[in-house]
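Here's the structure, in C-alpha cells; my notes come after.
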Amino acid sequence: LVPIGYAVGSQTFSLSTGQTVQAGAFVGTLSHDRVVFWCAELGQTFAFGSDYDYAVSLPDNGAFTALGQLFNAAFGGALTDAAHSAAFQLAIWEILYDSDRNLTGAGGFRVTGGSTATVALAQSFLDSMTNNDNYDIILFSNGRHQDFITTYKVPEPMSLALFGSALLAMVLVTRRRSLAPIARKA
C-alpha cells in the first residue's frame with residue numbers, strides 16, 4: 001500500500017485523547033490499483049509516498065459490523081468534499097474508540113475542537129446508521145505504522161438474481177441466433 005495524499009482534503013480537530021489530528025480520507029495505490037481508505041488508529045503514523053507492507057483481513061466483530069452500517073448510511077457522500085470526508089473519519093474513530101456513538105458526549109472519545117459543522121455532520125452520520133450492513137470492511141494492519149480501513153460493497157441477493165437472469169437471457173439469445181438456419185439467396 002502506498003498512501004499518496006488526501007482524497008478530497010482534510011480538516012484539523014482536537015480530541016479528548018490530547019491529540020490534534022488531520023481527518024479525511026486518503027487515496028493511494030494497492031498493487032497499482034487506486035484505493036480510498038481511512039485511518040483506523042490514532043497511535044501510529046505513516047508517510048505519504050512510502051510503500052508499506054500490510055496484512056489484510058476482514059474482521060468480524062461488533063465494531064466492524066457498525067463500520068459496515070456507517071458505510072451503508074453515509075459512504076455515498078463521504079468523498080463529496082473535505083468536510084464530508086473529515087466527518088466520515090470522525091464517525092469511524094467514534095465507532096472504533098467509543099461505544100456511546102456521541103462525538104461530544106461524556107464517552108472516552110470526544111472531539112474537543114475543530115469545525116462544529118463537520119462534527120454535527122459526523123454525528124448525523126452516526127445517528128442515521130441502521131442495521132443495514134452491505135459493506136465488508138477491510139483492515140490493513142501493520143504493527144509499526146498506521147492501520148487503515150477500506151471497504152467494498154457486497155452485492156445484494158436481488159441484484160445478483162437480476163444480473164444472473166440478464167446473463168442467461170443473453171446466452172439464450174446468442175445461442176438461438178447461432179442455431180437459426182441461414183437464409184441463402186439462390
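Tell me which strands (runs of 3 or more DSSP E) are completely within region 1-85 and hold 1 or more residues being closer than 20 Å to residue 126 by Cβ, or say none if there are none. Break it down stepwise before answering.
Working: elements: 2-6, 11-15, 20-23, 26-30, 33-39, 55-57.
Ranges flagged: 11-15, 20-23, 33-39.
Please tell me if residue 77 is open to solvent by less than 30 Å² (accessible area, probe 1.4 Å), free of Cβ contacts under 8 Å to residues at least 24 places away in the same chain and in contact with a His (Cβ under 6 Å, 6 or more places away or on another chain).
yes
Would you mention how many residues in region 80-97 are of a type outside the set (A, V, I, L, M) and surrounded by fewer than 21 Cβ atoms within 10 Å (Cβ to Cβ)?
Number satisfying all stated conditions: 3.
Would you mind finding the one in 104, 130 that is within 13 Å of residue 70 (Cα to Cα), of a type in the set (Val, Ile, Thr) and part of a loop (DSSP other than H, G, I, E, B)?
130
Right, residue 47: out of contact with any His (no Cβ under 7 Å at 6 or more places or on another chain) and open to solvent by less than 20 Å² (accessible area, probe 1.4 Å) or not?
Here the answer is no, as residue 47 does not meet what is asked.
I need the full set of residues from region 3-23 which are open to solvent by less than 40 Å² (accessible area, probe 1.4 Å) and under 17 Å from the mean Cα position of the chain (by Cα), in order please.
3, 5, 7, 9, 10, 23
Per-residue answers, yes or no, for (1) open to solvent by less than 40 Å² (accessible area, probe 1.4 Å); (2) touching a residue at least 12 places away in the same chain (Cβ under 8 Å):
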{"residue": "105", "(1), (2)": "yes, no"}
{"residue": "110", "(1), (2)": "no, yes"}
{"residue": "117", "(1), (2)": "no, yes"}
{"residue": "122", "(1), (2)": "yes, yes"}
{"residue": "125", "(1), (2)": "yes, yes"}
{"residue": "137", "(1), (2)": "yes, yes"}
{"residue": "144", "(1), (2)": "no, yes"}
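Looking for something closer than 22 Å to residue 134 by Cα, in contact with a Phe, Trp or Tyr (Cβ under 8 Å, 6 or more places away or on another chain) and open to solvent by 60 Å² or more (accessible area, probe 1.4 Å) - is there at least one such residue anywhere in region 24-40?
no
The values are calculated or read from the model by the stated rules, or taken from the named source; none is laboratory data. For clarity, every value in this text was computed on a predicted model and none was experimentally measured. Note that each Cβ is placed from the backbone with ideal geometry, even for glycine, and that neighbours are counted across all protein chains shown. Areas reflect the complete protein model, heavy atoms only, side chains present, ligands, DNA and RNA absent. Shrake-Rupley method; radii C 1.70, N 1.55, O 1.52, S 1.80 Å.
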